[in-house]
Amino acid sequence: MRFNVRCNSCGRTFIAETEAYGKQKYRCPYCGVVLNCQFDEPEEFRTKARSVIPLVDVTPVVGNKVAELPTVKPKILRMPSAEKLQELRQKIAHTSFQAGETVKEVTANTSEYIARGSSRLARFQEKYADGNLWIFFGGSLLFILLVFVGLFVCAEVVKLLAEGHSWLFKNYIELRNNL
């Protein structure tokens, strides 16, 4: 069963999934606080139909209401320390700085490569009147060849996996029969 759990620390709501009722511990995915939640078994809901409406007289239902999940009020077991929160913030900032530097480096290298390649293409297009058609034709042919090569490689890998699986299964059966 799924429950909505609202964190007492950060106030955000997350979904907790459980098969058992009673007290359960969950960690808030947003702030990391451990919450002690009490999941009560839902009450039975039964109703009796007062009358049957013929299908001809039925009116369409307007809107699509989705049943909301029950909300659980948790108790905070342990708050993270200020040092731990500061350490996590610094780690996130350092990781994002490294990612930014990597993106800058890749962008610079890619721009340089494209500039060299595009200058060769521009020279080819200037030299021949139908250079655009030759570039398109060559690119299309290269793409088709790569697709065929890729399909062939994938087929060989699947064949190897199937043979390896059957060899392993055969040896497993022989080992089981010998025991």
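Every listed requirement among (1) surrounded by 10 or more Cβ atoms within 10 Å (Cβ to Cβ); (2) over 27 Å from residue 5 (Cβ atoms); (3) among the charged types (D, E, K, R) is met by residue 127 save one, (1).
Restricting segment 1-43 to residues that are more than 11 Å from residue 71 (Cα to Cα) and among the aromatic types (Phe, Trp, Tyr) leaves a set whose member that is farthest from the chain's Cα centre (by Cα) is 21.
Laboratory data are not the source of any read-out in this text; all were calculated from the coordinates shown. Predicted model, so just to flag it, every value in this text is computed and none were measured. Counting neighbours? That spans all protein chains shown, and the Cβs are built from the backbone with ideal geometry, glycine included.
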